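Step one of this worksheet: look at the structure below.
The values are calculated or read from the model by the stated rules, or taken from the named source; none is laboratory data. All values reported here derive from a predicted model rather than from experimental measurement. Every residue, glycine among them, receives a Cβ derived from its backbone with ideal geometry; neighbour counts consider all protein chains shown. Heavy atoms of the whole protein, side chains included, go into the accessibility calculation; ligands, DNA and RNA do not. Shrake-Rupley method; radii C 1.70, N 1.55, O 1.52, S 1.80 Å.
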Amino acid sequence: KDIFRNPESIFRFFEPTTGSTASNKDIIDITLGNKQRWGPGDAPFNLVLSHSGSDFAVMGMHFKLGLYEHQSAGALQGVVNAVLGNPDLLSAGPAGVKGIEITAYEPAYGIIGDPAKKDPQTRQSADHSMAFIVSRMLLKAFKTDAASLSDNNAAWKLLMLSPYDYGHEALWDKDTREMMQKISFKHGGPEFDAKYPDGIPTAMDISLESGKTISSGLVMYPSGHARDTAADLKGILHHKAELLGGIAIEKEELAGFHSRLVNMIDASAGDMQGIYTFDYNKLVSHPPIDG
């Protein structure tokens, strides 16, 4: 279940959690048919918090390595895997891709895999379109020197999606729209559904015009996921901070700002008072990304 959309979620304030009725006006909501808004009952899934050690603060969760909808992370790892292990994919180019089938779990299949989202009209609809997100990363790979895509860490850094990938120019890019039309979605059924939210179960099959099919296999813990142990997470997140922060702040000023945040664990109470302070004269001026 999607914590942001399922009826049992604490985030769905306009849905009662118990479904029971009550007469006490202090605990019921007339807009919900006199049902209790909050009450005893199971949460949709457990959130396990850590207070020490090397695990994520919210254990089992996921860092996004760039800008994309969380549930597309498995498909993006599929793109990275396909690019790294198949040089003939890069040499084929966009025209050499015949079709891409993405198998996903619910709610990803029903939300960001909705076929209607293969024609996004706004930045907001593009960043919740798995077809758009996958197309942007794959097209970046085609434009990147294959030799520089040396391993998983290098690929995530070089292919990282930024606000420019959702701007006006990207939204109406001809190659992106053509690639989206080559993508289809398949629901993985109970087998995939049962694996979420433990992981982000996704599989991708890329068919080339040459007749070859490149399969990712099941991706459960993409780079950025708490249960992935292969990626250089700190290194990739450092690049993310530089990529996104560099849009707003000059490089040298950003370096100091970022360093303070990375070393926050050693900050004093006084340091925390100015942890987010930087020289506003070092802001970068550029045209709006949305055009």
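Points worth noting:
- Estimated FRET transfer efficiency (Ala230, Asp119; beta-carbon r; R0 30 Å; 0.05): 0.25
- Within the stretch 95-157, the percentage of alpha carbon pairs spaced more than 20 angstrom apart rounds to 40%.
- Here the peptides 156-162, 206-212 are ranked by packing, the mean other Cβ count within 10 Å, and the order with the highest first is 156-162, 206-212.
- Note on the stretch 141-253: dipole from Cβ charges, positive end direction compared against Ile247, Ser215, Asn152; the farthest Cα belongs to Ser215.
- Lys143/Asn281 FRET efficiency (R0 35 Å; Cβ-Cβ; nearest 0.05): 0.50
- Cα extents of the stretch 80-214 along the three principal axes, largest first (Å): 39, 32, 29
- Rounded accessible area per residue of the stretch 208-258, 1.4 Å, Å²: 55
- Taking all pairs of distinct alpha-carbon atoms in the stretch 201-257, Kirkwood radius in angstrom: 14.4
- Most tightly packed first, judged by the mean number of other beta-carbon atoms within 10 Å of their residues, the peptides 135-142, 119-126, 165-172 read 135-142, 165-172, 119-126.
- Based on protein heavy atoms only, the stretch 103-165 ends up with 38 Å² per residue of surface accessible to a 1.4 Å probe.
- Our estimate of slack between Ser184 and His51, defined as 0.36 nm per intervening residue step minus the Cα-Cα distance, is 43.7 nm.
- Debye intensity ratio in log₁₀ form over the Cα atoms of the stretch 161-291, taken at each q of 0.12, 0.14, 0.16, 0.17 Å⁻¹: -0.80, -0.98, -1.09, -1.13
- Listed peptides 105-112, 89-96 by packing density, highest first (mean Cβ within 10 Å): 105-112, 89-96
- The apolar share of the surface of the stretch 103-226, taken as the fraction of accessible area on carbon and sulfur atoms (1.4 Å probe, ligands and nucleic acids excluded), comes to 51 percent.
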